[in-house]
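In what follows, a structure is listed as structure tokens, so that the remarks can point back to it.
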Amino acid sequence: MSITRDEVAHLARLSRLDLGDDELERFAGQLDVIISAVAKVQEVAAAGIPPTTHAVAVTNVFREDVLYPCLSADSALAQAPASEEGFFKVPRILAED
Amino acid sequence: MNTASELTRWTAAEMAAAVAAGEVSAVELTTAHLERIARTDVQVRAFLHVARDSALAAASAVDAKRASGQPLGSLAGVPLALKDVFTTADMPTTCGSRILAGWQPPYDATIVNRLRSADVVILGKTNMDEFAMGSSTENSAFGPSHNPWDLSRVPGGSSGGSAAAVAAYQAPLGIGTDTGGSIRQPAAVCGLVGVKPTYGGSSRYGLVAFASSLDTPGPLTRTVLDAALLHEAISGHDSCDSTSLDAPVPRVVAAAKNADVAGLRIGVVAELSGDGYASGVLTRFNDAVELLESLGAKVTEVSCPHFGYALPAYYLIAPSECSSNLARFDAMRYGLRIGDDGTASAEQVMSQTRAAGFGAEVKRRIMLGTYALSSGYYDAYYGKAQQVRTLIAGDFAAAFEQVDVLVSPTTPTTAFPIGERADNPMAMYLADLCTIPCNLAGNAALSVPCGLAPEDRLPVGLQIMAPVLADDRLYRVGAAVEGALDQRRGYRFLEDASGIDESDDATGEAGR
């Protein structure tokens, strides 16, 4: 067993996914199979091999420091679930106590 | 006078030439394809959104441009099916997800801008696995698309909607994205040409990100030349994408017209065959290799010893990037918001929204990526996968010292039945076994049809792989195979596709 149901519940919290018990159960079994399979990478990779982060490396990408048009506040807010006076309106971000 | 159903069978190259010569109008072409969609999409389910009005307006603008003598774009008046992962200012963009249902982006993706500049007519947005995660379109929140060769089977994925549309003659051109095979695999199982350009050759600006170091937009078409024309139209440097390559676009159209493989060195990848491959896939693949040899290519076997580790490395790297990229769906600025009752906290609303808005595969990958990036596991999983990525790139570099291109089957099997792998994630992942190495190394690859598997009469794809920015070689080889097989057969490959019920009875359903 490479991953337990409790660990999956922890991952779900970190991932901001409010999962039900049945989902946790099902995902625990599936993730266990997947993690066991992908652990195969540990067979080959040894110290001294540099990591590759990008398929085709590009370095020092700059552009001229000039102004160009961007989204207006109205169009940025047009698809917001809620907005007020030119701002995104969000649920409370602090606990009450 | 051409009948509407004849028009939809033309190639994109023929359509563009006919529009430029005034033999057919862009409005006629667009109308014919919209009618075809209305007749057949009740069976195929390729489109999530058909943009009838804006397509006809774009077509009228092309006709007006021609009438007034203005220069036309390279694919003027040719209709196209666009994967619903690109932002469009005049159409919704859902990525096949409930979390973005009905979302109307405020800007066009660079690919969309380039299509509009080429005077292409965008017919609508096509179905896909949610956020491009899947190999069958079964992970779409809006139901699967169906393979035009056999409606009970998947059209592949994640760009399965675009592939099904092109194979069903609903459009001659499709745009997909390829992160682990999501253009080439649907192309193979729908009997089409599909190309993953060199990473950075086609812009990601306005492409809703899945795995940023792998995502690559590219063409899905019925012929190699059509793919080349679309490839040239969408490619080239974009200052809005920091990974875009500032290099000349490979001369893919000239290469597709050249179609000469005499003297070309072709390597058969030893590791991409054997157990787990359908016998009909290997039969057709071996036939294609013999064909290339008969056309003058020098064929040798090449070993890429680390390719067996590509799939596990991919299923660590792609989920890791996905878990980070999909954090933007937080219910605050756009998309779905659930549970905002005035008392729930932002964090509770976020967690409830994501649980309700994402499907099972997306949740699995977010959690898998979160796991692989966690302290304590990072070095053992994500770190090792990045080292494997270096080894795969090294295998390619060594192989391309010996040969000009590599070949393999595109997929281990032909199209599988809808539902067969839906509850078995690992079985689904194996569909991308042969295509993933090129995503990890960033080099270019193309799938071209190489016949029907004898056991099920379903299409098989030949994958051709070329070095970074040598995309033109793909088209030389692809066009040679396509030309020789078309000549031997006496008609185009896709004419054998007969899954769609073309009778008037079947099409009556569209009105229900």
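Quick look at the values:
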quantity	calculated
Restricting region A:13-79 to GluC sites (Glu not before Pro) in coil, as DSSP defines it, with at most 13 other Cβ within 10 Å	A:Glu64
Calculated P(r) tail over 33 Å for chain B, as whole % of Cα pairs	34
Computed helical MRE - 222 nm, chain B, DSSP H runs ≥ 4 contributing -39500 (n - 2.57), nearest 500	-12000 deg cm²/dmol
Percent RCO, i.e. relative contact order, over chain B, from Cα pairs under 8 Å lying at least 6 residues apart	18
Positive-end extreme of charge dipole, region A:1-62 - chosen from A:Ile34, A:Ser15, A:Ala46 (charges on Cβ)	A:Ala46
Amide H within-cut-off set for B:Trp103, under 5 Å, with H built and near neighbours excluded	B:Thr93
In chain B, lysine pairs closer than 20 Å at Cα, eight or more apart or cross-chain	4
Cut-off under 5 Å, modelled amide H: who pairs with B:Gly176 long-range	B:Gly218, B:Leu220
Value at 222 nm in deg cm²/dmol, rounded to 500, when DSSP H runs of n ≥ 4 in chain A each add -39,500 (n - 2.57)	-11000 deg cm²/dmol
Relative contact order (%) - region B:127-238, alpha-carbon pairs under 8 angstrom, separation at least six	23
Relative contact order computed over region A:1-62 (Cα-Cα under 8 Å; 6+ residues apart), in percent	36
FRET efficiency, B:Asp423 to B:Asp90 (Cβ-Cβ, R0 56 Å, nearest 0.05)	0.90
Distant alpha-carbon pairs in chain A (separation over 21 angstrom), percent	70
Phi to ³J(HN,Hα) by Karplus 6.51 cos²θ - 1.76 cosθ + 1.60 over region B:216-232, Hz, x for Gly, Pro	9, x, x, x, 10, 8, 8, 9, 5, 5, 4, 4, 5, 4, 6, 4, 5
Gain on full stretching of the segment that runs from B:Ser74 to B:Ala327 - 0.36 nm per residue minus C-alpha separation	87.2 nm
Net charge dipole size for the protein assembly as shown [Lys, Arg +1 and Asp, Glu -1 on Cβ; Debye, nearest 20]	680
Shielding by other protein chains, B:331-341, mean Cβ within 10 Å	4
D (Stokes-Einstein, µm²/s), Kirkwood Cα radius, region B:50-90, 1.567 mPa s at 4 °C	112
Spherically averaged projected area of the protein assembly as shown from its Cα convex hull (nm²)	29.4
Total charge dipole magnitude, region B:107-159, about the Cα centre, Cβ charges on Lys, Arg, Asp, Glu only, Debye to nearest 20	160
Mean projected area (nm²) of the alpha-carbon convex hull when region B:1-112 is viewed from all directions	7.8
Estimated FRET transfer efficiency when R0 is 56 angstrom, pair A:Val58-B:Asp501 (beta carbons, to 0.05)	0.70
Positive dipole terminus of the protein assembly as shown, leading residue within B:Asn286, B:Tyr314, B:Gly369 (C-beta point charges)	B:Asn286
Label-point gap, in nm, between B:Ser60 and A:Ser2 - each point 7 angstrom along Cα→Cβ	5.8
In Hz, Karplus ³J(HN,Hα) per residue of region B:76-86 (6.51, -1.76, 1.60; θ = phi - 60°; x = Gly, Pro)	4, x, 8, x, 9, 9, 9, 4, 6, 10, 9
GluC sites (Glu not before Pro) restricted to DSSP loop in region B:1-85 with at most 15 other C-beta within 10 Å	B:Glu23
Region B:138-215: chymotrypsin sites (Phe, Trp or Tyr not before Pro) falling in loop per DSSP and having at most 12 other Cβ within 10 Å	none
Size of charge dipole - region B:192-311 - debye, nearest 20, with Cβ of Lys, Arg +1 and Asp, Glu -1, no other charges	180
Calculated from backbone phi, Karplus (6.51, -1.76, 1.60) coupling profile of region B:107-112 in Hz, x at Gly/Pro	8, 8, 5, 4, 4, 5
Förster radius 51 Å - calculated FRET efficiency between A:Tyr68 and B:Thr343, Cβ distance, rounded to 0.05	0.75
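Quick note: the coordinates plus some simple rules give every number you see, no bench work behind them. Worth saying up front: this structure is predicted, and the values here are computed from it rather than measured. Note: ideal-geometry Cβ built from the backbone for every residue, glycine included; neighbour counts use all protein chains shown.
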